[in-house]
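Structure record follows, encoded as structure tokens.
The values are calculated or read from the model by the stated rules, or taken from the named source; none is laboratory data. Model, not experiment: these values are computed from the prediction. Glycine gets a Cβ as well: all are built from the backbone with ideal geometry, and neighbour counts include every protein chain shown.
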């Protein structure tokens, strides 16, 4: 603010001594200089502001995904505890992802009014209270409802974090920050699952929930301290119709919608291949304990690496070609995991994770970049497709597993991977058509 006033006073002096009639011009110049200074002050790579903001966002992401996937390794154990089928107990995971998906857009619309940071902090501070409320559940239905409430709380942070980055970070810093943010997704998913599996087997699921609630509270306090206040957010109060038009406009923008569908199918396969693998490992002939079976989630680490690399890929190559590459790597991993060898299964999961996170990072950043307005709503719509895919995909792949074992999973999985390839091809055609049109218009303008 001091620098801005110095710049303003400097130009005020020279304009004033010329004539008082130039005051309107002075005001206009001040606005221009303020915008110039604001552009320079955006969060850039290799600055302390970037380190603080990116770490805070990564920590928030880590907390969110720890909570979201806490129950995934517990599903076989919960099936025995509540005497439920695999499809019934899958609701403990699906309820969280589904309610998260359904409430992303309302959270995003709210952030357009009150700001991204306030929504993110409210979301994080709700987590420990909802977590402790789960301890009151005495049936599978009540626990499922509590998990649904957890999904609503998680949605606030997930809906607007990338929009916050898009507004506060420079374009180059944005791509790297998104990669780091999604890497934290991966680490949070790993940690939540490993923690849930080990603690539940030795001390019970209640202890796992209490520990996660305490960690969530401490993490929320840290994020609140580190995350900078927004400088470039402009509230849009009382514009619900405008927000509704934004949602419809994003869905009508074919490139965005195709990318959202890619993200949904990608996640439907990725997260639920792990769920099915968990049931496979605890069943004969492997009969692994829950704590050991949950170790498969360490394979997420490969996704942490490729998510970070996706930002560099997009700076050199086409993001669409990267999505095709990621899909291919995941499909190959699914086939490798078909071998009845623990080593082959682990290698297959490494491939699945690497490809899925690479595809997700590129698709997520693509939506954020291509949306010219209401970026929070656009990224929230992407996540709606993403988590609805994860929720519905679980019932689809578990049914394939129950009726055809891993061969059924292979058949069902290849159907979905084939759809992703088709969507990538359509997205490429749309993007190429726009480039050709722009080139023709540019050539016509030059000729004139």
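Being in the same structural domain as residue 304 (by TED's automatic domain parsing), modelled with pLDDT under 90, over 23 Å from residue 310 (Cβ atoms) and surrounded by 16 or more Cβ atoms within 10 Å (Cβ to Cβ) narrows it down to one of 223, 276, 209, 247, so name that one. Even if it seems obvious, please write down each step before you answer.
Working: 223 fails: modelled with pLDDT under 90; 276 fails: modelled with pLDDT under 90; 209 fails: modelled with pLDDT under 90.
Exactly one residue qualifies, and that residue is 247.
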_Please verify whether residue 172 is out of contact with any helix residue (DSSP H, G or I) (no Cβ under 7 Å at 6 or more places or on another chain), assigned by TED's automatic domain parsing to the domain that holds residue 292 and modelled with pLDDT of 90 or more, treating the condition exactly as stated._
no
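What about residue 218, is it under 27 Å from residue 130 (Cβ atoms) and loosely packed, with under 15 Cβ neighbours inside 10 Å?
Working: under 27 Å from residue 130 (Cβ atoms): yes; loosely packed, with under 15 Cβ neighbours inside 10 Å: yes.
When the stated conditions are applied, residue 218 passes them.
Residues 330, 368: which one is closer than 16 Å to residue 165 by Cβ, in a helix (DSSP H, G or I) and either touching a residue at least 12 places away in the same chain (Cβ under 8 Å) or over 19 Å from the mean Cα position of the chain (by Cα) (or both)?
Numbers: 330 fails: closer than 16 Å to residue 165 by Cβ.
Answer to the selection: 368.
Rundown of residues vs (1) at pLDDT 95 or above; (2) touching a helix residue (DSSP H, G or I) at 6+ places or on another chain (Cβ under 6 Å), yes/no style:
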position: 280; (1), (2): no, no
position: 283; (1), (2): no, no
position: 290; (1), (2): no, yes
position: 301; (1), (2): no, no
position: 317; (1), (2): no, no
position: 320; (1), (2): no, yes
position: 329; (1), (2): yes, yes
position: 355; (1), (2): yes, yes
*Listed residues 394, 412, 404, 408; which is surrounded by 16 or more Cβ atoms within 10 Å (Cβ to Cβ) and modelled with pLDDT under 95?*
394
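Give me the residue from the stretch 130-150 that is assigned to a helix (DSSP H, G or I) and free of Cβ contacts under 8 Å to residues at least 12 places away in the same chain and, out of that set, surrounded by the fewest Cβ atoms within 10 Å (Cβ to Cβ). Outline the logic, then answer.
Going through the stretch 130-150, the residues assigned to a helix (DSSP H, G or I) turn out to be 130-136, 140-150.
Then drop every residue that is not free of Cβ contacts under 8 Å to residues at least 12 places away in the same chain, which leaves 136, 141-142.
Details: 136: 9, 141: 11, 142: 12.
Looking at residues that are assigned to a helix (DSSP H, G or I) and free of Cβ contacts under 8 Å to residues at least 12 places away in the same chain, I get 136.
State yes or no: is residue 93 closer than 17 Å to residue 140 by Cα, assigned by TED's automatic domain parsing to the domain that holds residue 280, in contact with a helix residue (DSSP H, G or I) (Cβ under 7 Å, 6 or more places away or on another chain) and not in a helix (DSSP H, G or I)? Working first, answer last.
Numbers: closer than 17 Å to residue 140 by Cα: yes; assigned by TED's automatic domain parsing to the domain that holds residue 280: yes; in contact with a helix residue (DSSP H, G or I) (Cβ under 7 Å, 6 or more places away or on another chain): yes; not in a helix (DSSP H, G or I): no.
Taking the combined requirement at face value, the residue does not satisfy it.
Residue-wise test of (1) more than 30 Å from residue 41 (Cα to Cα); (2) more than 17 Å from the chain's Cα centre (by Cα); (3) at pLDDT below 95.
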| residue | (1), (2), (3) |
| --- | --- |
| 128 | yes, yes, no |
| 137 | yes, yes, yes |
| 176 | no, no, yes |
| 182 | no, no, yes |
| 203 | yes, yes, yes |
_Selection status of residue 379, surrounded by 21 or more Cβ atoms within 10 Å (Cβ to Cβ), within 27 Å of the chain's Cα centre (by Cα) and at pLDDT below 85_ = yes
